[in-house]
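The next block holds one structure in the form of structure tokens; read it before the comments.
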Amino acid sequence: MCDYSLHSVTSRPAKVGDKLVTTRFEFLTRGFAAIGEPNVAVCLLPGTELAFEKRVERDHGYGRLPSMQVGKLGHQVARFRKVNEGCPNAHHDALEFPDGQIVLVTRLCEGQNATVLQLPPSPRVTNDAVEQNAHISHRLRAACGY
């Protein structure tokens, strides 16, 4: 659920109302920790909505370089999403802002406070969906000679 770079860090899923802070974990990786739990990464699901206390700031992984896009983004709300999913050794956790701009979580400046506003809806499995999946599976097995 958390980015590959946080797999060795203790983690827990986000909850609505969580007060988070952007935190540097092992090496150069950044993510979210709950306020009061600095060593626990809080993992967000794609679609989770966040509200920041101030306009979000980002920097480059190697510090503030003049040639890189850094600084305030002009937004205080964002939606969590996954990117680079086809690249196993790339960062996947990102925020999408209202203007469509996408920023990796690991590029957020440390110490920014945010609140989890809303989690994505959880998929509901209905009897119709289960029956439809069984029917499709049966047709696929038949087509493959199983």
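Read-outs: derived from the displayed coordinates by stated rules, not from any lab. Note that this is a predicted model, so its numbers are computed, not measured. Cβ: placed from backbone, ideal geometry, glycine included. Neighbour counts: every protein chain shown.
Okay, here's what the table says:
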{"read-out": "Candidate set from segment 85-100 (those that are out of contact with any helix residue (DSSP H, G or I) (no Cβ under 8 Å at 6 or more places or on another chain) and surrounded by 15 or more Cβ atoms within 10 Å (Cβ to Cβ)); member that is farthest from Leu44 (Cα to Cα)", "value": "Phe97"}
{"read-out": "In segment 39-57, residue nearest to Asn113 (Cα to Cα) [restricted to those that are part of a strand (DSSP E or B) and of a type in the set (D, E, K, R)]", "value": "Glu57"}
{"read-out": "Residues satisfying the stated conditions in segment 29-43, i.e. of a type in the set (S, T, N, Q) and without any contact (Cβ under 8 Å) to a residue 60 or more places away in the chain", "value": "Asn39"}
{"read-out": "Residues that are among the polar types (S, T, N, Q) and either over 24 Å from Val77 (Cβ atoms) or in contact with a Cys (Cβ under 7 Å, 6 or more places away or on another chain) (or both), drawn from segment 5-28", "value": "Ser5, Ser8, Thr10, Ser11, Thr22"}
